[in-house]
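Here is the structure we will look at, set down as structure tokens.
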Amino acid sequence: MKPWETLESANVPEVGELTLVRRGDEYVLRVRGQTLMSSRMHGSEEALARAGCADLVSRGTGRVLVGGLGFGYTVRAVLDQVGPGVRVSVAELLPTVVDWNRGPHLAPLAKAPLEDPRVTVIPGDVGLVMKRHSASFDSILLDVDNGPSALTHPDNQGLYGVSGLSTAAQSLRSGGTLAIWSAGPAAGFERRLEKCGFTVEVLHPHAHGTKGPRHVIYVGKLGKRR
Ligand SMILES: C[S@@+](CC[C@H](N)C(=O)[O-])C[C@H]1O[C@@H](n2cnc3c(N)ncnc32)[C@H](O)[C@@H]1O
């Protein structure tokens, strides 16, 4: 088997070593040696976009917040299903990831979603973006770790507790949707979402195509405020 080739690496304060590696046509983003994203399978990252933005498909306008960027598959899937009047903010904690997405290795993977005029990149923590934007988004899509448990940065744990999920609820407009990607089922997470006012559906899309392992998407919907 071919060895992994390191294409890029960076030492990120408070996060540690970030590397972009390639073997054949597969690209992998690693944080402290652990895989955060692979280009081999991205069906469930696209399913996250479909589940989280289903209500926007028939509407001409709306606002979506995606956190974080990764290889851009979720952002691309949002853009491909919503109309020209929808605005998409992408919160990405690591500026290096944004730079790599604009470079020759990653840009082609998801057809350069950052070049779409509907997209704005917001550098920094998606949790802070939600705190700063009250009743602002129709959909919030979260895929920043490998599920509702911190991996990239220890502070991410705060996103998944009652306080973090309540912040997400407050950042959504009436009837909005919060969708969260997970590599597997997370005990008690559905109940926690319900406690924060969401009606929850749990989806199990295949990681890729119609075969192979399944990932989990938690879809929380808010009721319409009167
Ligand atoms: C698993 S990847 C996302 C994969 C993405 N869904 C895709 O389709 O390629 C996780 C991304 O979230 C970013 N991230 C981690 N913590 C974050 C945070 N608190 N706020 C914003 N972005 C974050 C990481 O740097 C990484 O780019």
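Taking region 110-132 on its own, how many of its residues are part of a loop (DSSP other than H, G, I, E, B) and buried (at least 19 other Cβ atoms within 10 Å of the Cβ)?
2
Mind listing just one residue for me: the one in region 208-220 that is within 17 Å of ASP143 (Cα to Cα) and more than 15 Å from the chain's Cα centre (by Cα) and, of those, most open to solvent (accessible area, probe 1.4 Å)?
Result: ARG214.
Could you tell me how many of the residues in region 50-109 are within 9 Å of the ligand (Cβ to nearest atom), part of a strand (DSSP E or B) and open to solvent by 10 Å² or more (accessible area, probe 1.4 Å)?
So the count comes out to 1.
In region 149-186, what count of residues is obtained for those that are assigned to a loop (DSSP other than H, G, I, E, B) and hydrophobic (A, V, I, L, M, F, W, C)?
Of the residues in that region, 4 qualify.
With respect to PRO95, is the statement that it is in contact with a Pro (Cβ under 9 Å, 6 or more places away or on another chain) and free of Cβ contacts under 8 Å to residues at least 60 places away in the same chain true?
Yes, satisfied.
The conditions are (1) loosely packed, with under 14 Cβ neighbours inside 10 Å; (2) small (Gly, Ala, Ser); (3) at negative phi, and GLY33 fails exactly one of them. Which is it?
(3)
State which residue pairs qualify: first residue in contact (Cβ under 8 Å) with a residue 12 or more places away in the chain and surrounded by 13 or more Cβ atoms within 10 Å (Cβ to Cβ) and inside region 6-27, second residue among the small types (Gly, Ala, Ser) and outside any strand (DSSP E or B) in any location, beta carbons under 7 Å apart, and separation of 6 or more residues or different chains.
Sorted first by the residue in region 6-27, then by its partner, the pairs are GLU26/SER39; TYR27/SER39.
When region 165-177 is examined, which residues are found to be in contact with a helix residue (DSSP H, G or I) (Cβ under 6 Å, 6 or more places away or on another chain) and open to solvent by 20 Å² or more (accessible area, probe 1.4 Å)?
Answer for region 165-177, where residues must be in contact with a helix residue (DSSP H, G or I) (Cβ under 6 Å, 6 or more places away or on another chain) and open to solvent by 20 Å² or more (accessible area, probe 1.4 Å): just THR167.
I'd like to check something: does region 124-134 contain any residue that is within 29 Å of ASP25 (Cα to Cα), near the ligand (Cβ under 9 Å from one of its atoms) and out of contact with any Pro (no Cβ under 7 Å at 6 or more places or on another chain)?
no
Since SER139 meets every condition but one in (1) open to solvent by less than 50 Å² (accessible area, probe 1.4 Å); (2) within 10 Å of the ligand (Cβ to nearest atom), which condition does it not meet?
Against the list (1) open to solvent by less than 50 Å² (accessible area, probe 1.4 Å); (2) within 10 Å of the ligand (Cβ to nearest atom), SER139 comes up short only on (2).
Kindly indicate whether GLN157 is of a type in the set (S, T, N, Q), open to solvent by 70 Å² or more (accessible area, probe 1.4 Å) and within 12 Å of the ligand (Cβ to nearest atom).
Spelling it out, GLN157 is indeed of a type in the set (S, T, N, Q), open to solvent by 70 Å² or more (accessible area, probe 1.4 Å) and within 12 Å of the ligand (Cβ to nearest atom).
Going through region 178-205 one residue at a time, which ones are within 16 Å of the ligand (Cβ to nearest atom) and either open to solvent by 40 Å² or more (accessible area, probe 1.4 Å) or polar (S, T, N, Q) (or both)?
Answer for region 178-205, where residues must be within 16 Å of the ligand (Cβ to nearest atom) and either open to solvent by 40 Å² or more (accessible area, probe 1.4 Å) or polar (S, T, N, Q) (or both): SER182, ALA183, LEU203.
The values are calculated or read from the model by the stated rules, or taken from the named source; none is laboratory data. From a predicted model like this one, the values you see are computed outputs, not experimental measurements. All Cβ positions, glycine included, derive from the backbone under ideal geometry; neighbour counts span all protein chains shown. In case anyone asks, the SASA skips ligands and DNA or RNA and just uses the protein heavy atoms, side chains included. Shrake-Rupley method; radii C 1.70, N 1.55, O 1.52, S 1.80 Å.
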